[in-house]
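Chemist: Structure in structure tokens, see below.
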Amino acid sequence: MILREIYGKSILMPIRYNEASNDPIYLNDVAALIWKKVAASNDLYELKKSICEIYELDEDSTEAYSVEKFITQLIENEIIFY
């Protein structure tokens, strides 16, 4: 999948058939930032820590848990790989 920004909206577009989804996936701002940061991170913890620092979140907060859960879902659905 590849991230495209169209009319201010972030959309993941499939570039070939895949198991996860062949439909466009619309991302909110946090999800789009996570997608952009995936390549620069070595693991789930580093990615979560980076997002928490940007949004000034306590790493034990509910919001940080939601970030971790989203990343985990991306991994489980084989949209990103670690």
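Chemist: Would you check which residues across the stretch 1-54 are modelled with pLDDT of 90 or more, of a type in the set (Ser, Thr, Tyr) and more than 21 Å from Tyr82 (Cβ to Cβ) and list them?
Modeler: Tyr7, Ser10, Tyr26
Chemist: Could you please find all residues in the stretch 26-36 being touching a Ser or Thr at 6+ places or on another chain (Cβ under 8 Å) and open to solvent by 60 Å² or more (accessible area, probe 1.4 Å)?
Modeler: The initial filter retains those residues of the stretch 26-36 that are touching a Ser or Thr at 6+ places or on another chain (Cβ under 8 Å), namely 26-29, 31-32, 35.
Across the stretch 26-36, the qualifying residues are Tyr26, Asn28, Asp29.
Chemist: Restricting attention to the stretch 57-74, which residues are of a type in the set (Asp, Glu) and over 15 Å from Glu46 (Cβ atoms)?
Modeler: Listed by number, the residues that qualify are Asp58, Asp60, Glu63.
Chemist: While we're on this one: Could you check, for the stretch 5-25, whether at least one of its residues is assigned to a strand (DSSP E or B) and exposed (fewer than 12 other Cβ atoms within 10 Å of the Cβ)? Steps first, please.
Modeler: Initially, the stretch 5-25 is screened for residues assigned to a strand (DSSP E or B), giving 5-6, 9-13, 25.
Subsequent filtering for residues that are exposed (fewer than 12 other Cβ atoms within 10 Å of the Cβ) retains 5-6.
Within the stretch 5-25 (the criterion being assigned to a strand (DSSP E or B) and exposed (fewer than 12 other Cβ atoms within 10 Å of the Cβ)), the answer is yes, since at least one residue qualifies.
Chemist: List the pairs whose first member sits in the stretch 61-82 and is touching a residue at least 60 places away in the same chain (Cβ under 8 Å), whose second member is basic (Lys, Arg) and surrounded by 12 or more Cβ atoms within 10 Å (Cβ to Cβ), and whose Cβ atoms are under 7 Å apart, counting only residues at least 6 apart or on separate chains?
Modeler: none
Chemist: Among the residues of the stretch 39-62, how many are surrounded by 15 or more Cβ atoms within 10 Å (Cβ to Cβ) and assigned to a helix (DSSP H, G or I)?
Modeler: 7
Chemist: Continuing with the same structure: Could you tell me which residue of the stretch 63-82 is farthest from Arg16 (Cα to Cα), considering only residues that are of a type in the set (Asp, Glu) and surrounded by 12 or more Cβ atoms within 10 Å (Cβ to Cβ)?
Modeler: Glu63
Chemist: Name the residues in the stretch 63-82 that are assigned to a helix (DSSP H, G or I), of a type outside the set (D, E, K, R) and under 10 Å from the mean Cα position of the chain (by Cα), would you? First the steps, then the outcome.
Modeler: Let us first name the residues in the stretch 63-82 that are assigned to a helix (DSSP H, G or I), namely 63-76.
Then keep just the ones that are of a type outside the set (D, E, K, R); that gives 64-67, 70-75.
Result: Val67, Phe70, Ile71, Thr72, Gln73, Leu74, Ile75.
The values are calculated or read from the model by the stated rules, or taken from the named source; none is laboratory data. It should be emphasised that the depicted structure is a prediction, and the values quoted were computed from it without experimental measurement. Note: ideal-geometry Cβ built from the backbone for every residue, glycine included; neighbour counts use all protein chains shown. Keep in mind that these areas ignore ligands, DNA and RNA; they rest on the heavy atoms of the full protein, side chains included. Shrake-Rupley method; radii C 1.70, N 1.55, O 1.52, S 1.80 Å.
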